[in-house]
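Report on one structure; see the data block that follows.
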Amino acid sequence: MYEGKGQAARQVCMEWVGDVAVKRQFERFAAETSDLLLRTGYLMTGDARDAEDLVQETFLRVARRWHKVRLMDHPAAYARRVLINLVLRDADRRSRRKAELRPGGIGLGGCDAGAARALRQVDDLAEFRWALAQLPARQRAVLVLRYWADLPVAEVAGILGCSEGTVTSTASRAAARLAQALTYGESPAPESATSAGERESAP
Amino acid sequence: VITSELENALRRTFTWAAADFENAEQAQERLLQRDYHPRTGNRRRASLAAALATAAAAITAAVLTLSSAGTHGGGTSTVRLAAWTVTKQPDGRVTVTIRQMLDPGRLQRQLRAFGVPANVSVYDAKRDGPKGWDYSAGGMVPSCHIDRGLMNSISPNGLMAKVFFGPHPGTGPGQPFTVWISPSAIPAGVGVALRVGVTPGHMLPSASIYLVKASPQCTGTGG
C-alpha cells in the first residue's frame, strides 16, 4: 500500500519541484528586467520613487498572469507594455500634479531643426526631465519607446494600440513640444485630449 | 517627419537621462526582495498536491508508528531535536523536517550516518546576498560545487525528482520544511546539499535543496 501511495507522493514531488522552478523562473525574469523597467519608469515619470512603485505594480500584475506570460516569446516586452499602460492610466492624476508645479503655456511652435538645436543645448538633466514631464503621457511614451527603448514604429503602435501613422505624427509633435519646453522653459499649451493619438486609454 | 539629426539627438539625450537614475541598484534590490507570488498554473493541482502530501504524511506516520511498535527500532530510526527531526525508514529512505536551523553540523553528521552524502549550511540573505540561494544567479553552497546539469533535471524522470522523492509540504518562510531523500537514488560522485534561509519574509522557500558533486570538503565522501 505504501508503494502505491509512493507513486502519488512522487507525483506531488514533481508538482513541487515544478512550482519551485516556475517561481525561480519568475525571479530570474524580475532580476533581468528590473533595470530596464526602472529606467523606463523613470523616464516616464521623472521620479525615482514613482518608477520603483510602477515596477513593483508591474511585477505584481505580471506575476498574476505568470502561468501565461512565461510561455510568451518576449515576457519582458509584455512587462514593458504593462508598465506603459499603468502610466497612461495614471496620466490624469500625474499631469494634474505636474501642472501644479509648473503652470503656464504658450502656443505650439518649433520645428525639427529647432528641436535638434534645443536638445543639443541641453546641459541640465533636471531641465530635460521637467520638459519631458510636460508632455502628455502618450507623447512621452512614444518618445521613450522609440528613442530610448529603440523600438520600431510598428511595435510602439502595438503597445499603444494605435496606427503606425499615429505613432509617427505623435513623435513629431512630441519632439516639437519638447524642444519648445526646453527653449522657452515654459509648458506647451495643452492639446485637445481627443486629437489623434492623444487619447489617454489603457488597453 | 523627424530628421535623422533630431532622432540622434533624442537617442543621445534619452540615454543620458536614463543613466542619471541614482541608486538604481538599491531600488532593484528592494524590488527583488519582495514576494510577488507568481501563478504557476498548478492551482488545482496544488490543492491536490497538498491533500496528497497530507495523506502521505499520515501514511508515513502510521508506518513509523507500526515500525517503532513492532520492530523495537530495528527498522526505523529517528533522531529528533526541537529544531529538526531526521528519520530513516525501513526501506532506507530518509526524511528531514526542519523547524529551526540550529546545529547544522549535527544535522549534517546525522544525515551522513543515515547514508546520505549530505552538506547542510545556513543561508543568510544579509551575508550571502538576496540571490545567494539561487545557483542560476551565481549563488553558491559553501565548500561545494553545485551540479548545474543535475539541478536542471526537474523532469519526472530527472535525478532531482528521484533523489528528493517525496512531498515537500510547508515551504513558506517560517514553516517547517520537510525534505524526503532517497539515498539509493544518489549516484556515485553526487551528494545532497540543504541550505536553510534565516531571513524572515524573504522571497524564498524556507530551505533550498541542491545536487552537488561529492567531495571530502562538501559531503565527506570521495569525489
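The values are calculated or read from the model by the stated rules, or taken from the named source; none is laboratory data. Here the structure is a predicted model, which means the values were calculated and not measured. Cβ sites come from the backbone with ideal geometry, for glycine too, and all protein chains shown count toward neighbours. Quick note on the areas: whole protein, heavy atoms, side chains included, nothing else; ligands and nucleic acids left out. Shrake-Rupley method; radii C 1.70, N 1.55, O 1.52, S 1.80 Å.
Some notes on this structure:
- Taking the stretch B:24-46 as the range and being polar (S, T, N, Q), open to solvent by 70 Å² or more (accessible area, probe 1.4 Å) and at pLDDT below 85 as the test, no residue passes.
- Residue in the stretch B:131-165 that is modelled with the lowest pLDDT, counting only those that are open to solvent by less than 60 Å² (accessible area, probe 1.4 Å), assigned to a loop (DSSP other than H, G, I, E, B) and more than 9 Å from every other protein chain (Cβ to nearest Cβ): B:153
- In the set (1) modelled with pLDDT of 85 or more; (2) open to solvent by less than 60 Å² (accessible area, probe 1.4 Å); (3) farther than 30 Å from residue A:59 by Cβ, the condition left unmet by residue B:76 is number (1).
- Residues in the stretch B:205-223 that are at pLDDT 75 or above and on the phi < 0 side of the Ramachandran plot: B:209, B:210, B:211, B:212, B:213, B:214, B:215, B:216, B:217, B:218, B:219, B:221.
- Test for residue A:16: is it at pLDDT 90 or above and of a type in the set (Phe, Trp, Tyr): no
- Residue that is farthest from residue B:16 (Cα to Cα), among those in the stretch A:131-154 that are open to solvent by 30 Å² or more (accessible area, probe 1.4 Å) and among the hydrophobic types (A, V, I, L, M, F, W, C): A:154
- Considered as a group, the residues in the stretch B:191-204 that are open to solvent by less than 30 Å² (accessible area, probe 1.4 Å) and out of contact with any strand residue (DSSP E or B) (no Cβ under 6 Å at 6 or more places or on another chain) include one that is modelled with the lowest pLDDT, and that residue is B:203.
- Looking only at the stretch A:37-71, residues that are within 13 Å of residue B:20 (Cα to Cα), more than 7 Å from chain B (Cβ to nearest Cβ) and open to solvent by 10 Å² or more (accessible area, probe 1.4 Å) come to 2 in all.
- Scanning the stretch B:114-130 for residues that are in a loop (DSSP other than H, G, I, E, B) and at pLDDT 70 or above gives B:114, B:115, B:116, B:117, B:124, B:129.
- Here residue A:157 passes the criteria (1) open to solvent by less than 40 Å² (accessible area, probe 1.4 Å); (2) part of a helix (DSSP H, G or I); (3) modelled with pLDDT under 90 except the one numbered (3).
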